[in-house]
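Quick notes on the structure that follows.
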Amino acid sequence: MLPLIDQGQSETALVMMHFFGNSHREWLEVIEHLGPEYRCIALDLPGFGDAADREGFDTCAMADQVEQTIDALGLERVVLIGHSFSGKVAMVLAARRPRWLVSMVLVAPAPAGPQPVSDEEREFQQAFDHSRAQAETFIDGAIARSLSPARYRDAVDDAMRASPEAWQAWPRHGSREDFSREVGVLDYPTLIVVGDQDPSLPPQTQKDLVLGQFAAPRLEVIPDHGHLLPMEMPKALADLIADFTVHAG
């Protein structure tokens, strides 16, 4: 089972996955705003956070471990929440039609197919040395709003402690994998949230490469925000998730 935090109580569990280079800690303020009436389970994916020593860095291997963790917890109803690279993990897992999946929330998700990445961004990712200076550059380049001091510190520390092998696996392999045909068109109720200043997976990328993988997605574009919405706007994102969960059944 993957390392996780599990807080609150509700029939439907919100299972949260983090962005590339981070950990479950990106969701802490969102979980706080959702309150104890929502069961929130935030995972660390292989190679990151408290799972830094775990192997299995390709998309399918990560989906396998998330599925095994949810099954081990005995969850019956799940809203699967993915952010950035874990949005791709969520789509691959949803394509398996797990019995427990009821809906999805994707925050600036990577597409099921190959992700457009600039040469500059790919070179930075591949040359990342896990120093504090480069970790701060990584986080600073992803946001359009200041983070709380605690979340900024967590984000930088998590980037520094990520497994070098897991870090390299995404720009070299994971971001290039093509699951668009396998994913097909998913008919789960799905909310996609993206900042209009997102430098990596902006609204146009969502429209061109992500929305077509869903039968009837709801797209929310957030003005003046970047890529790290769970930390840039935790209360507003919590409100969107709560409203969507209620209305999606």
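Data overview
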{"read-out": "Residues located in the stretch 80-93, provided they are buried (at least 24 other Cβ atoms within 10 Å of the Cβ) and β-branched (V, I, T)", "value": "I81, V89"}
{"read-out": "Selection count, the stretch 211-249, where residues are assigned to a loop (DSSP other than H, G, I, E, B) and either among the small types (G, A, S) or crowded, with 16+ Cβ neighbours inside 10 Å (or both)", "value": "9"}
{"read-out": "In the stretch 122-137, the residues that are within 20 Å of the chain's Cα centre (by Cα) and not in a helix (DSSP H, G or I)", "value": "none"}
{"read-out": "Residue among S180, S175 that is among the hydroxyl-bearing types (S, T, Y), open to solvent by 40 Å² or more (accessible area, probe 1.4 Å) and more than 22 Å from R25 (Cα to Cα)", "value": "S180"}
{"read-out": "Output for the stretch 184-215, where each listed residue is under 24 Å from G21 (Cα atoms) and β-branched (V, I, T)", "value": "I192, V193, V194, T205, V210"}
{"read-out": "Count - residues of the stretch 199-210 that are among the hydrophobic types (A, V, I, L, M, F, W, C), under 16 Å from the mean Cα position of the chain (by Cα) and part of a helix (DSSP H, G or I)", "value": "1"}
{"read-out": "Cross-chain or 6+ apart pairs with Cβ under 8 Å, the stretch 54-83 first and in contact (Cβ under 8 Å) with a residue 24 or more places away in the chain and charged (D, E, K, R), then assigned to a loop (DSSP other than H, G, I, E, B) and open to solvent by 30 Å² or more (accessible area, probe 1.4 Å)", "value": "D58/H173; E67/R96; E76/E11; R77/E11"}
{"read-out": "The listed residue being under 25 Å from R176 (Cβ atoms), more than 13 Å from the chain's Cα centre (by Cα) and open to solvent by less than 30 Å² (accessible area, probe 1.4 Å), out of L43, L2, L34, L106", "value": "L2"}
{"read-out": "Residue in the stretch 11-19 that is closer than 26 Å to E182 by Cα, open to solvent by less than 10 Å² (accessible area, probe 1.4 Å) and aromatic (F, W, Y) present", "value": "yes"}
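Results for (1) assigned to a helix (DSSP H, G or I); (2) of a type in the set (A, V, I, L, M); (3) open to solvent by 30 Å² or more (accessible area, probe 1.4 Å), shown as yes or no for each residue.
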{"site": "S146", "(1), (2), (3)": "no, no, yes"}
{"site": "A169", "(1), (2), (3)": "yes, yes, no"}
{"site": "V194", "(1), (2), (3)": "no, yes, no"}
{"site": "Q197", "(1), (2), (3)": "no, no, yes"}
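The values are calculated or read from the model by the stated rules, or taken from the named source; none is laboratory data. If you're wondering where the values come from, they're calculated on a predicted model, not measured in any experiment. A quick note on method: Cβ atoms are made from the backbone with ideal geometry, for glycine too, and the neighbour counts reach across all protein chains shown. Surface accessibility is based on the protein's heavy atoms, side chains included, excluding ligands, DNA and RNA. Shrake-Rupley method; radii C 1.70, N 1.55, O 1.52, S 1.80 Å.
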